[in-house]
Amino acid sequence: ITVIDRRITFIDMKIILIDLDWTLAELKPDSDRNNHTGDEKPIEQMVYLVQQLMHTDLNVIVMTGRKDKYFSITVQWLISQWIPVEVIMQTKGRADKNHVFKKEQMIEIQKNHEIIALVDDNPLMIPVCKDLGILLLTVNR
């Protein structure tokens, strides 16, 4: 299994970004979005899609608004779903809104890489992706 890192280390790659919560993982209805335990239910169709994307020439990266204190739990959950990919998370001390954090990350990524698409459930990502010229594939909750 590939070692997972928080930083993008590839040069000049084609990337597809995948959101985590409510895109790959279903949170419990009563759960706190800021308290992740690693027992989230996988959204099977999306997990399958990401597993298939990993066999293409695209670099699949999970980009989540989760805080990096959940890095180990998040990585273990992804590995348990056979999705050993890089992960981008908010670093300690940051508390940006999800769409603000992701916009900053995508601007940074676009400096050296081509983002093919973002797969996300958040409707606030629509204007962000439109502004950045990134294809957004939305997921129903």
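The values are calculated or read from the model by the stated rules, or taken from the named source; none is laboratory data. Everything numeric here is computed off the predicted structure, so don't read it as measured data. Counting neighbours? That spans all protein chains shown, and the Cβs are built from the backbone with ideal geometry, glycine included. Protein only, heavy atoms only, side chains kept; ligands, DNA and RNA dropped before computing areas. Shrake-Rupley method; radii C 1.70, N 1.55, O 1.52, S 1.80 Å.
A few comments on the model shown:
- Of residues in the stretch 1-46 being loosely packed, with under 11 Cβ neighbours inside 10 Å and in contact with an Asp or Glu (Cβ under 9 Å, 6 or more places away or on another chain), the one modelled with the highest pLDDT: Lys41
- In summary, Met106 fulfils each of the numbered conditions (1) of a type outside the set (Gly, Ala, Ser); (2) farther than 21 Å from Pro42 by Cβ; (3) in a loop (DSSP other than H, G, I, E, B); (4) within 12 Å of the chain's Cα centre (by Cα) with the single exception of condition (3).
- Residue ID - surrounded by the fewest Cβ atoms within 10 Å (Cβ to Cβ), chosen from residues in the stretch 115-141 that are in a loop (DSSP other than H, G, I, E, B) and touching a residue at least 60 places away in the same chain (Cβ under 8 Å): Arg141
- Among residues of the stretch 78-93, those that are crowded, with 16+ Cβ neighbours inside 10 Å and over 13 Å from the mean Cα position of the chain (by Cα), counted: 1
- Selection of first residues in the stretch 53-78 that are under 18 Å from Ile16 (Cα atoms) and polar (S, T, N, Q) and of second residues that are at pLDDT 90 or above and assigned to a strand (DSSP E or B), restricted to Cβ pairs under 6 Å at least 6 apart or on distinct chains, gives the following pairs, ordered by first then second residue: Asn59/Ile15; Thr64/Met89.
- Condition met for Lys103 (in contact with a helix residue (DSSP H, G or I) (Cβ under 7 Å, 6 or more places away or on another chain), of a type outside the set (Val, Ile, Thr), open to solvent by 30 Å² or more (accessible area, probe 1.4 Å) and at pLDDT 95 or above): yes
- Set Glu108, Glu104: member being in contact with an Asp or Glu (Cβ under 9 Å, 6 or more places away or on another chain) and acidic (Asp, Glu): Glu104
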